[in-house]
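Take a look at the structure below.
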Amino acid sequence: MTPELQPLIEALADILQSRGLRVVTAESCTGGGIASALTDVAGSSGWFECGFVTYSNEAKIRYLNVPPGIIEQHGAVSEETVRAMVIGAVNNSLGDVAVAVSGIAGPGGGSPEKPVGTVWFAWGNADHQLVECCHFPGNRQQVRALAVVHGIQGVCRFLAC
C-alpha cells in the first residue's frame with residue numbers, strides 16, 4: 001500500500017464502522033486493486049463486503065447486471081456503465097455502498113474519443129451515485145495506481161469522511 005493510502009483507508013474504515021456500513025468494489029481496469037488496497041488494512045472484514053472484478057463486458061452483464069444495451073450504446077468505459085456497475089454491485093452483495101471503475105489503462109485500446117488514461121468512476125448505492133471521468137497520465141501501471149487512489153478518495157467523498 002502506498003503511504004498516502006493508509007490514512008485515507010483508515011478514515012474510510014472509521015466512517016464505515018461508525019455507520020455500520022459495508023463497502024463493495026466493482027472493478028474493471030484496476031483489476032481488483034481497490035479491493036486489495038482496502039483489505040491490506042487489518043480489521044477490514046468488519047467493513048469490506050466483497051469485490052467484483054468484471055474485466056470483460058460479459059462479466060459486467062452477468063455478475064453486475066449491467067444492461068447489454070448500455071454497453072452497446074455507450075461502451076464499457078462510460079458514465080452509464082459505471083452507474084450500472086455500482087447498482088449491480090450493491091444489489092448482488094450485502095454491501096451498502098460501492099465504488100465502480102472502468103477505463104483504458106493502455107498501452108492500447110484508446111481512441112480519439114476515449115484516449116488511454118480515460119477512467120470513469122462511480123460511487124454510491126442503488127439509489128444515488130456520484131460519477132466522474134478522469135484522464136490520467138502515464139503508463140499502464142501508473143494509470144491503474146492513480147485510479148486505485150482516486151477510487152478510494154471518491155468513496156470518502158461520497159460518505160463525507
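The values are calculated or read from the model by the stated rules, or taken from the named source; none is laboratory data. Source: prediction; values computed, not measured. So basically every Cβ, Gly included, is an ideal-geometry build from the backbone, and we count neighbours across all protein chains shown. Heavy atoms of the whole protein, side chains included, go into the accessibility calculation; ligands, DNA and RNA do not. Shrake-Rupley method; radii C 1.70, N 1.55, O 1.52, S 1.80 Å.
Assorted remarks:
- Close pairs from region 87-107: first closer than 16 Å to PHE48 by Cα, partner among the acidic types (Asp, Glu) and outside any strand (DSSP E or B), Cβ under 8 Å, at least 6 apart: VAL90/ASP96
- Total residues in region 102-161 satisfying the condition of being open to solvent by 60 Å² or more (accessible area, probe 1.4 Å), closer than 21 Å to GLN17 by Cβ and of a type in the set (Gly, Ala, Ser): the figure is 1.
Here is a yes/no grid of residues against (1) over 18 Å from GLY33 (Cβ atoms); (2) modelled with pLDDT under 95; (3) of a type outside the set (S, T, N, Q):
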{"position": "GLU79", "(1), (2), (3)": "yes, no, yes"}
{"position": "SER93", "(1), (2), (3)": "yes, no, no"}
{"position": "VAL101", "(1), (2), (3)": "no, no, yes"}
{"position": "TRP120", "(1), (2), (3)": "no, no, yes"}
{"position": "GLN129", "(1), (2), (3)": "yes, no, no"}
{"position": "GLY151", "(1), (2), (3)": "no, no, yes"}
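- Taking residues in region 145-160 that are closer than 13 Å to GLU132 by Cβ, and partners anywhere that are assigned to a helix (DSSP H, G or I) and at pLDDT below 95, the pairs with Cβ atoms closer than 8 Å and at least 6 places apart or on different chains are GLN153/LEU8.
- Members of region 1-30 found to be under 14 Å from the mean Cα position of the chain (by Cα) and closer than 19 Å to GLY95 by Cβ, listed by number: VAL23, VAL24, THR25, ALA26, GLU27, SER28, THR30
- Matching residues, region 12-28, being exposed (fewer than 14 other Cβ atoms within 10 Å of the Cβ) and on the phi < 0 side of the Ramachandran plot: ASP14, GLN17, SER18, ARG19
- Of all positions in region 128-139, at least one carries a residue that is free of Cβ contacts under 8 Å to residues at least 60 places away in the same chain, charged (D, E, K, R) and outside any loop (DSSP other than H, G, I, E, B).
- Residues that are among the small types (Gly, Ala, Ser) and in a helix (DSSP H, G or I) were ranked within region 49-91; the one that is surrounded by the most Cβ atoms within 10 Å (Cβ to Cβ) is ALA89.
- Test result for GLY31, under 16 Å from TYR55 (Cα atoms) and surrounded by fewer than 23 Cβ atoms within 10 Å (Cβ to Cβ): yes
- All conditions in (1) over 17 Å from PRO7 (Cβ atoms); (2) not in a helix (DSSP H, G or I); (3) not β-branched (Val, Ile, Thr) hold for SER36, with the sole exception of (2).
- The set of residues from region 34-48 being within 19 Å of GLN142 (Cα to Cα) and open to solvent by less than 40 Å² (accessible area, probe 1.4 Å) comprises ILE34, ALA35, ALA37, LEU38.
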